[in-house]
Amino acid sequence: MQLALGHISTDRVDFLKQGDVSVHVLRLDKIHPVISGNKWFKLQYYLEDAKKQQKKKIVTFGGAWSNHIVATAAAASMHGLSSAGIIRGEKPSHLSPTLEKAMQYGMELHFISREAYGKKEIPFAKKDDEYYISEGGYGEKGAEGASDILNYADKNFTHYCCATGTGTMTAGLVRAVAKEQKVVGISVMKNNEDLQENVRALLHETHRDWEIIHDYHFGGYAKQKPALISFMNDFYRQTSVPSDFVYTGKLFYAINDLISINFFPGGSRLLLIHSGGLQGNVSLEKGTLIF
Ligand SMILES: *Cc1c(COP(=O)(O)O)cnc(C)c1O
């Protein structure tokens, strides 16, 4: 995919610094305004595979504000493939900006009830030239793509930290780190008990050090609280790094908190993955965020 990967930078942020733990942020949010962050990495091998199999259309699943839906629409169109999104819930009278953007990239939208969505029902007859990608890009090829993220980062960090949704990116990072390094995933969902197993299923070797932390979901997926929003604003004021309230805001908040309770040993060098997702902030009331 022709994207300007040269824009990825690693920014040192002193806001989170405490004692001799240092923190850097890998700015995947700068890759592309729409296919931001980890979605670009997670989609790349699926799209390659679809083309190799001479498929014509990518079909995937997501909600009205899904970064994955809009990223898939954009990536498919860049690859000359058509796309369809199966969207959770009845069709609203006004489409979200996320879905508007997906349509601009040529994605066909199919709305299905939450119940049908839960069963991942496909509301049309399947065709041979369609290539299906699971919700959030979860799967082997997604993890393979996500492990490429660390090709853009220094190898000398002690901890690689990310927000965890489906666990695909977390698994990709675990696959890419060395034995003495650790991956810390911050779950953005409440009580997602399957997560541990979902990550493990995407690993080839089991003897890597990784941990998912479940204490920073702020009420659940895409839920937020004033403390999170004010943290995101403070973080931006002091570092000029914008974050999104669904994923990276929770990551930065969690790491700040974990540093303050000495979760990380002295001398740790942390790399936080800024996995993008900024487009989702449009769903917040205007003026909520200062960026
Ligand atoms: C999708 C997404 C994640 C979660 O990635 P998973 O591989 O599903 O765990 C994290 N951050 C952002 C910004 C995302 O859009």
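What follows draws every value from the coordinates through simple rules; no lab data is involved. Bear in mind that the values here come from a model prediction, so they are computed numbers and not experimental data. Reconstructed Cβ throughout: ideal geometry from the backbone, glycine too, with neighbour counts over all protein chains shown.
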### Task
Could you let me know the centre-to-centre spacing of the stretch 195-223 and the stretch 247-267, using Cα atoms, in angstrom?
16 Å
### Message
At 7 Å along Cα-to-Cβ for each site, give me the label-to-label distance between Ser113 and Ser134 in nm.
### Response
2.5 nm
### Residue order, fewest to most beta carbons within 10 Å, for Met103, Met169
Met103, Met169
### Summary
Taking max minus min of the Cα coordinates of the stretch 127-222 on each principal axis, largest first, gives extents in Å of 47, 33, 23
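Taking neighbour counts of Cβ atoms within 10 Å as a proxy for exposure, in what order, fewest first, do His217, His159, His274, His207 appear?
Numbers: His217 19, His159 23, His274 28, His207 6.
Ascending number of Cβ neighbours within 10 Å: His207, His217, His159, His274.
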### Message
Can you sort Leu272, Leu81, Leu99 from fewest to most other Cβ atoms within 10 Å of each residue's own Cβ?
### Response
Leu81, Leu99, Leu272
### Message
Based on C-alpha coordinates, I'd like the Rg and Dmax of the chain, in Å.
### Response
18.4, 59
